[in-house]
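The values are calculated or read from the model by the stated rules, or taken from the named source; none is laboratory data. Since we're looking at a predicted model, the values are computed, not measured. Please note: Cβ atoms are built from the backbone with ideal geometry, for glycine as well, and neighbour counts cover all protein chains shown. Keep in mind that these areas ignore ligands, DNA and RNA; they rest on the heavy atoms of the full protein, side chains included. Shrake-Rupley method; radii C 1.70, N 1.55, O 1.52, S 1.80 Å.
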Amino acid sequence: MYIVYFAIILLLPLYAQMKVKSTYKKYSKVRSTSGMTGAEVARRILDENGLYEVKVVESSGFLSDHYNPMTKIVALSSHNFHEASVAGAAIAAHEVGHAIQHKEAYSFLTLRHKLVPVANISSNASWVFIMIGIFATSTNMLLLGIVLLAMGVVFQIVTLPVEFNASSRAMNQMVSLGVIRNEEERHAKKVLSAAALTYVAAAAVAVLELLRLVLIYTGMSRSE
């Protein structure tokens, strides 16, 4: 049973990462008919939504694309920033989707921002109490660790609607503005779906790990 469990939590994230890389590699070579680079796509969608103050900059690293709500910056990795590909357009539009969420105070995004400091602290501290609880057979310490870990799991779950919504906004914007056309819509959806899989995998692993610890806690409680 444990072999199957550990195989799932190890292989699922690995599969998600491989899926993202292979899908991105494939569609980063497909030039969009609009001929717009990722930077141009981002700027176009931002301007169409009145987000003139949001800057689009180039960032280093592979698939380092992100939106920073504190600085109001959409950062695109070099290839997506400079090249005109379906993958680059989809990713750029997705990050702008977060900027639009920010402007509209999208409820799940607002909640995620509030959870960030709590999740960071609780996730790091949780394992200290969990390990003490397990090795010292202390149900109280283990329970405290589980509660702290649960806060991080909630963050992972809340992230899912944020990412799916950003992708939905991205598709709507790209289609309405003519950034992608016809068959490119299907290609762009594949890129966004592959990217979303990484968040689904992370959330699934987090939930499974939490359930495993709850079972350990239940077993320890019964033996006391």
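Annotations
- Among MET70, MET171, MET36, residue whose mean-square fluctuation peaks in a GNM of the chain (springs only between Cα atoms under 10 Å): MET70
- Here the extension length gained between GLU48 and SER223 equals 56.7 nm, from 0.36 nm per residue of separation less the Cα-Cα distance.
- Residue pairs, from the table LYS26/LYS114; LYS21/LYS72; LYS114/LYS190, whose Cα atoms sit over 32 Å apart: LYS26/LYS114
- Choice from VAL86, VAL175, VAL56 with maximal GNM fluctuation in the chain (Cα, 10 Å cutoff): VAL175
- Taken about its Cα centre, the chain carries a charge dipole of about 340 debye when Lys and Arg each add +1 at the Cβ and Asp and Glu each add -1 at the Cβ.
- Taking θ as phi - 60° and the Karplus parameters 6.51, -1.76 and 1.60, the scalar couplings of region 89-98 work out to 5, 5, 5, 4, 5, 4, 5, 5, x, 5 Hz in sequence order, x denoting glycine and proline.
- Element breakdown for the chain at a 1.4 angstrom probe: carbon and sulfur atoms account for 65% of the accessible area.
- Across GLY50, GLY35, GLY88, mean-square fluctuation computed from a Gaussian network of the chain (C-alpha pairs under 10 Å connected) peaks at GLY50.
- Counting only alpha carbon atoms, the long axis of helix 2-27 and the longest principal axis of the chain meet at about 10°.
- Degrees, to the nearest 10: 38-48 long Cα axis against longest axis of the chain: 80
- Rolling a 1.4 Å probe across the protein heavy atoms gives the chain an accessible surface of 52 Å² per residue.
- Taking a quarter of the surface of the Cα convex hull of region 177-224 gives a mean projected area of 4.3 nm².
- Cα-based helix-to-principal-axis angle, 139-176 vs the chain, degrees rounded to 10: 10
- Here's how it looks for SER59: its modeled amide H is under 5 Å from those of LEU76, SER77, SER78, which are all 5 or more places away or on a different chain.
- Residues whose placed amide H lies under 5 Å from that of SER28, excluding near-sequence neighbours: ALA87
- Counted residue by residue at 0.36 nm each, then reduced by the alpha carbon distance between them, the extension gain from GLU104 to ASN182 reaches 25.2 nm.
- Per-residue [θ]222 nm for the chain (sum of -39500 (n - 2.57) over DSSP H runs n ≥ 4, rounded to 500): -26500 deg cm²/dmol
- Anisotropy class of region 1-145 from Cα gyration tensor, a/c 1.5 cut: oblate
- Measuring spread by the Cα atoms of region 87-206 yields a radius of gyration and Dmax of 18.5, 62 Å.
- Distance (nanometres) between label positions extended 7 Å along Cα→Cβ at VAL207 and GLN17: 2.3
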